[in-house]
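Input: a single structure, listed below in structure tokens.
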Amino acid sequence: MPSADRQKRSGGFTLIELLMVVTIIRLLTSIAIPVYARTVKSSQRNAFVADANIVYAAFRQFYIDQSRFPSEYGTQPLDVTTLAPLTTQNYLDEVAAASFLRKQKDNQIFIYIAPDINGADSDILMAVRPKYDPTEVLYFFFTDLLDDSYGPLDGVYFYRDGRLVQVNKVKS
């Protein structure tokens, strides 16, 4: 008779065993999902920052070649939906521009261009909100204006903890 009992019990799991398996799966899931979400957000931030650095380099090269930034007025106005004339004059690849534009919230770029004393557009500030986290703001600066706490602002920055932090110094 003892062998019949063994055959009967070996055919399935007890309720305690099933509860233990479900508990372990829940525990692993509760650990894995937040880690996965942080990893996804970090990779989205890194992709956006990489695209932003490419766009920044195009703006800077345009300024070096033409001694001004493309602005909202003049013979070569800046189109914030395509980033022309950067794309049309081969300062920026259209694929890179489209990638950058696709990753921003509501397709909005806020651009402020300030002329110097001679009237040339020599300072630029751009602000962009990324889709992955609309509470963040990415800033592009190219200016020789000195600020007491930052010095000349030149590069791509996030605003974090009440300070501007250059993107190459941002910890995910």
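The values are calculated or read from the model by the stated rules, or taken from the named source; none is laboratory data. Remember, it's a predicted structure, so these values are computed and weren't measured experimentally. Please note: Cβ atoms are built from the backbone with ideal geometry, for glycine as well, and neighbour counts cover all protein chains shown.
Please tell me if residue 14 is exposed (fewer than 10 other Cβ atoms within 10 Å of the Cβ) and either of a type outside the set (Gly, Ala, Ser) or in contact with a Lys or Arg (Cβ under 8 Å, 6 or more places away or on another chain) (or both). Against the criterion (exposed (fewer than 10 other Cβ atoms within 10 Å of the Cβ) and either of a type outside the set (Gly, Ala, Ser) or in contact with a Lys or Arg (Cβ under 8 Å, 6 or more places away or on another chain) (or both)), residue 14 qualifies. Since residue 86 meets every condition but one in (1) assigned to a helix (DSSP H, G or I); (2) of a type in the set (A, V, I, L, M, F, W, C); (3) closer than 21 Å to residue 154 by Cα, which condition does it not meet? All conditions pass for residue 86, except number (1).
A quick yes/no check of all residues on (1) touching a residue at least 12 places away in the same chain (Cβ under 8 Å); (2) touching a Ser or Thr at 6+ places or on another chain (Cβ under 8 Å):
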residue: 46; (1), (2): yes, yes
residue: 51; (1), (2): yes, yes
residue: 56; (1), (2): yes, no
residue: 59; (1), (2): yes, no
residue: 62; (1), (2): yes, no
residue: 79; (1), (2): no, no
residue: 90; (1), (2): no, no
residue: 95; (1), (2): no, no
residue: 101; (1), (2): yes, yes
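Give segment 89-118 a look and list any residue that's β-branched (Val, Ile, Thr) and at pLDDT below 90, or say none.
First pass over segment 89-118, keeping only residues β-branched (Val, Ile, Thr): 95, 109, 111, 113, 117.
If the condition is that a residue be β-branched (Val, Ile, Thr) and at pLDDT below 90, then 109, 111, 113, 117 are the ones that fit.
Restrict the check to segment 45-62 and report whether at least one residue is part of a helix (DSSP H, G or I) and exposed (fewer than 11 other Cβ atoms within 10 Å of the Cβ).
From segment 45-62, those part of a helix (DSSP H, G or I) are 45-62; that's our starting set.
So of that shortlist, the ones also exposed (fewer than 11 other Cβ atoms within 10 Å of the Cβ) come out as none.
Checking segment 45-62: not a single residue is part of a helix (DSSP H, G or I) and exposed (fewer than 11 other Cβ atoms within 10 Å of the Cβ).
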